[in-house]
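Notes follow once the structure below has been shown.
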Amino acid sequence: QVQLVESGGGLVQPGGSLNLSCAASGIMTSIYTMGWYRQAPGKQRDLVAAVAFGLGPNYADSVKGRFTVSRDNAKNTVYLQMNSLRAEDTAVYYCNAHLGRNNYWGQGTQVTVSS
């Protein structure tokens, strides 16, 4: 059974930082494309950052220079370091693992940026 468990969300002031983690079980994250998506109320779920097997990371324009995605294959975990957070970054953040027809989602973690 595949599980993706996100953690690290919370309430942070504008300009602050958070580090999200996605711990996977049941798959080898090293061969999957691992991504972070987010969904704000009333909006669609959008890609934030992703890192594919053998390739460099890919970022949404809105987070370039502020967010960094990384993976620790030994821990089967993917991270999203978020700096210089803005109110518009407020959303539920979801971890995704994709390989061919296999596509898995975590339960999401809430990130709220507010003063």
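Rolling a 1.4 angstrom probe over the protein heavy atoms with all chains in place gives the chain an accessible area of 53 Å² per residue. In sequence order, region 68-73 has phi-based couplings of 9, 9, 8, 9, 10, 5 Hz under the Karplus curve 6.51 cos²θ - 1.76 cosθ + 1.60, θ = phi - 60°, and Gly or Pro positions carry x. Out of every Cα-Cα pair that the chain contains, those further apart than 19 angstrom amount to 39 percent.
Once you sort the root eigenvalues of the Cα gyration tensor of region 1-61 as a ≥ b ≥ c, which label holds: rounded (a/c under 1.5), prolate (a/b larger than b/c) or oblate (the other case)?
It comes out prolate by the Cα gyration axes.
I'd like the carbon and sulfur percentage of the solvent accessible area for the chain, probe radius 1.4 Å, heavy atoms only, ligands and nucleic acids excluded. Of the solvent-accessible surface of the chain, carbon and sulfur hold 49 percent. In region 27-56, which residues have a backbone nitrogen under 12 Å from the label point lying 7 Å from Val2's Cα in the Cα-to-Cβ direction? Taking a point 7 Å out along Cα→Cβ of Val2, the residues of region 27-56 whose backbone N falls under 12 Å are 27-35. Of the trypsin sites (Lys or Arg not before Pro) in region 2-108, the ones in a loop by DSSP (not H, G, I, E or B) with at most 16 other beta carbons within 10 Å are Lys43, Arg45, Lys64, Arg66, Lys75, Arg86, Arg101.
Exposure check, 1.4 Å probe, all protein chains in place: Thr68 carries approximately 70 Å² of accessible surface. Between Trp105 and Ala40, the simple label model (points 7 Å from Cα in the Cβ direction) yields a spacing of 1.9 nm. Remark: the Ser25-Leu11 segment gains 2.3 nm on full extension, using 0.36 nm per residue and subtracting the alpha carbon distance.
The values are calculated or read from the model by the stated rules, or taken from the named source; none is laboratory data. In this text, all values refer to a predicted model and were calculated from it rather than measured experimentally. Because the Cβ atoms are built from the backbone with ideal geometry, glycine has one as well, and the counts that use them run over all protein chains shown. Surface accessibility is based on the protein's heavy atoms, side chains included, excluding ligands, DNA and RNA. Shrake-Rupley method; radii C 1.70, N 1.55, O 1.52, S 1.80 Å.
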